[in-house]
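Peer 1: Shown below is the structure under consideration.
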Amino acid sequence: MKIKIIGIGSYIPNLEVKNTDFDKHIFLNEDGTPFGYPNEIVIKKFKGITGIENRRYAEPQYTASDLAFFAAEKAIANAGIDAETLDYIIFAHNFGDVKTGTNQTDILPSLATRVKNKLAIKNPKCVAYDILFGCPGWIEGVLQANAFIKSGMAKRVMVIGAETLSRVVDDHDRDSMIYSDGAGVSILEASPDESGLLSYESATYANDEANYLFFGKSYNPELDPDIKYIKMYGRKIYEFALSNVPLAMKSCLDQSGIAIDDVKKILIHQANEKMDEAIVERFFKLYDKAAPKDIMPMSIHDLGNSSVATVPTLYDLILQGKIENQEINKGDVIIFASVGAGMNINAFVYRY
């Protein structure tokens, strides 16, 4: 038995924030000292490394569970199902609902429960719960859905990835320009044909790598040190990803029995353009191949890094024909892959 995505939906917030909007920010080094060059240079370097030009922030009145609800409605409509037939709702996030003007995490009740409530699902046997797995959370939710459906515990599962990272960033940290908000939702059930999930890989590296992403104080020493923000050791993450993600993708593909030349698309977490390009190049190099042109669609240029939402949102946009020069056709083999806090890595091979 294989499982397939029968419905997909995403929500892209309307508030567009351009790189130039950071021109007046007071960016500081980790020790609180100012940079020795103007923000114009900071932004130029940032664009060259990450590829990000714009990003989207959630409208002030909405939280992550609101964005998820909007995307869930689209996924349900796309699947053409009754929401009451869902057996599980799995919600991947990292910081819960964070209201505008605060960075306090609110996860009581769970965000999955909030989405179930907003969808007005009355069936008590529709089990709703959250997972914390860093940026690879949506993919991990898909792998859990696969296990539930294959074991007979469920027939239909909704997997959500939604986040409002813009509300947990330190405005004095230039890495704050990376993060954005959004939601992507998928609905999965058993596949009646040859389409669906073919193989998967998942791992957590928690010895030296556990704290590459963490909650830390602002770089501004005048701010309350007990108020924490998302922080990362970017160089360590970059090196870790390049060393480990291509190997995980190869293991996953080899398990599927699919030849590298038959892979049509790689949908990778939109974390950093140069890092993603290097991962895909190293992956193909493991097979003594060069990465084909257009095999890796990108949305990071306009949407930034919305963590758990990037992969399902990218998939939805391609199917809608909204990513230029990119399409997915019946029978195409796709690799979905991600890396993030944990440090966690996962991937699955999928036939559309």
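Peer 1: What's the longest bit of the chain with no exposed GluC sites (Glu not before Pro), using DSSP loop states and at most 11 other Cβ atoms within 10 Å as the test?
Peer 2: 31-193
Peer 1: Any chance you could run the full-extension gain for Asn325 through Ile295? It's 0.36 nm times the residue separation minus the Cα-Cα distance, nm to one decimal.
Peer 2: The span from Asn325 to Ile295 would gain 9.8 nm if fully extended.
Peer 1: If you don't mind, another one. With a Förster radius of 45 Å, plug the Cβ-Cβ distance of Lys118 and Leu247 into 1/(1 + (r/R0)^6) and report the FRET value to the nearest 0.05.
Peer 2: Computed FRET efficiency for Lys118 and Leu247: 0.65.
Peer 1: Label Asp171 and Lys18 with points 7 Å out from Cα along Cα→Cβ: what is the distance between them in nm?
Peer 2: 2.1
Peer 1: Between Gln104 and Glu277, what length comes free when the chain is fully extended (0.36 nm per residue of separation minus the Cα-Cα distance, one decimal in nm)?
Peer 2: 58.8 nm
Peer 1: Would you please calculate the Kirkwood hydrodynamic radius of the stretch 1-123 over all C-alpha pairs and express it in Å, rounded to one decimal?
Peer 2: Roughly 17.6 Å, rounded to one decimal.
Peer 1: So for the chain, Kirkwood radius off the Cα pairs, Stokes-Einstein at 10 °C and 1.306 mPa s: how many µm² s⁻¹?
Peer 2: 78
Peer 1: Let me ask something else about it. Quick one: what do you get for the stretch 169-302 if you divide its Cα Rg by 2.2 N^0.38 Å?
Peer 2: That works out to 1.29 for the stretch 169-302.
Values in this text are rule-based calculations from the coordinates and carry no lab data. Source: prediction; values computed, not measured. All Cβ positions, glycine included, derive from the backbone under ideal geometry; neighbour counts span all protein chains shown.
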